Structures are given as structure tokens and as C-alpha cells.
1. Before we move on, is Ala117 modelled with pLDDT under 90, small (Gly, Ala, Ser) and within 30 Å of Val15 (Cα to Cα)?
2. For the stretch 54-149, which helices (runs of 4 or more DSSP H) that fit wholly inside it have 3 or more residues that are open to solvent by less than 70 Å² (accessible area, probe 1.4 Å)?
3. What number goes with the only condition from (1) more than 18 Å from the chain's Cα centre (by Cα); (2) modelled with pLDDT of 95 or more; (3) under 23 Å from Asp32 (Cβ atoms) that Ala110 does not pass?
4. Going by the structure shown, is Ala46 assigned to a helix (DSSP H, G or I), under 18 Å from Val106 (Cβ atoms) and modelled with pLDDT under 90?
5. Which residue, of Val108, Val142, Val72, Val112, is over 23 Å from Cys28 (Cβ atoms) and of a type in the set (Val, Ile, Thr)?
6. What are the residues in the stretch 19-43 that are of a type in the set (Ser, Thr, Tyr), surrounded by 12 or more Cβ atoms within 10 Å (Cβ to Cβ) and either modelled with pLDDT of 85 or more or in contact with a Gly (Cβ under 7 Å, 6 or more places away or on another chain) (or both), if any?
Amino acid sequence: MAAPDDTTTADAVVVWGHLTALVELRRCDGSDVARDLDLPPSQLAALRHLDPDEPQPMGSLACALSCDKGNVTGIVDRLEKRGLVERRPAAGDRRVKVLALTVAGVRVRAEVERRLAAPPAALAGLDEDELAQLAATLERVVDGLRGGG
């Protein structure tokens, strides 16, 4: 990411700072949920990336978590030991192992998602018009970042 330059408006820099702070504060919420569920943040992140309906290769999880396959092996070993995931041979290639959430893993993942989906009080306290305007503005920004705008 480039540093702000003379063409960047001061308002855009201030807003970006607020968004960055929001992301950091949200990361703390995730850490609180991980602690409450006795899961290290890396295991919580792995659970969130696993689709309850579609087992995925360990390499895909490594890519999603931005870490190497050896690190993912350790994370998965610990999740497996807790009974939250299981390794299975891939349908098309038995040499490839896919990861599937167990019943307990689906339950814990659902609890994580439920808790992290709850908006903070400061956001929930905005009125309907403020929320609509914020949603529309953020949608434009996200679309722009994704190359759609």
C-alpha cells in the first residue's frame, strides 16, 4: 500500500485511519471470542475458513491463512485433537487430504460466526439513514478495491 501523497485528501486519510482503527478493534473482538472458546486465534481463523458443507485441501487453508503448509499441519493437528476437524482422503486423489469439520466443529464455528456477526453498539446505535448512507459508501469503497468501480 502506497503512503499518502499530495493528491490524497486530508479527509480521505482521516477516514482511512478510522477504518484501520475499526479493523484493529474488531481483531480484538476475535481474540476475545477465541479466548472464551479456549481457541488460539490461529485455530479460530482456521475454523472460520473451513466450509461446513465442503471439505477443502490443507493447501487451500494454508493459502487462506497466509501461512505455510507445515504451520497449517500444526493448527490442524490441534483442531483434530479437540475433535473439531478430521482429515479425509480427497475423492479424486486419495493422496490429497481434505479437511472436514466434525459435528462439534460445525457447532463451534457457528458460535464463532454468531458472536462475530453481532455489530458493536456504536454501529447498532446509528439511525436507519446513517446506516444506509454508511452501507452505500462502504460498498462503493469495497467495489473500488475489488476493481469493480
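1. Yes: the conditions hold for Ala117.
2. By residue number, 58-65, 69-81, 103-117, 128-145.
3. (1)
4. Criteria not met by Ala46.
5. Val72
6. The one that is of a type in the set (Ser, Thr, Tyr), surrounded by 12 or more Cβ atoms within 10 Å (Cβ to Cβ) and either modelled with pLDDT of 85 or more or in contact with a Gly (Cβ under 7 Å, 6 or more places away or on another chain) (or both): Ser42.
Residue-by-condition table, conditions (1) touching a Pro at 6+ places or on another chain (Cβ under 9 Å); (2) in contact (Cβ under 8 Å) with a residue 60 or more places away in the chain; (3) among the polar types (S, T, N, Q):
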| position | (1), (2), (3) |
| --- | --- |
| Ala46 | no, no, no |
| Gly74 | no, no, no |
| Lys97 | yes, no, no |
| Arg109 | yes, yes, no |
| Asp129 | no, no, no |
| Thr137 | no, no, yes |
| Val142 | no, no, no |
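The values are calculated or read from the model by the stated rules, or taken from the named source; none is laboratory data. It should be emphasised that the depicted structure is a prediction, and the values quoted were computed from it without experimental measurement. All Cβ positions, glycine included, derive from the backbone under ideal geometry; neighbour counts span all protein chains shown. SASA here: full protein model, heavy atoms, side chains in, ligands and nucleic acids out. Shrake-Rupley method; radii C 1.70, N 1.55, O 1.52, S 1.80 Å.
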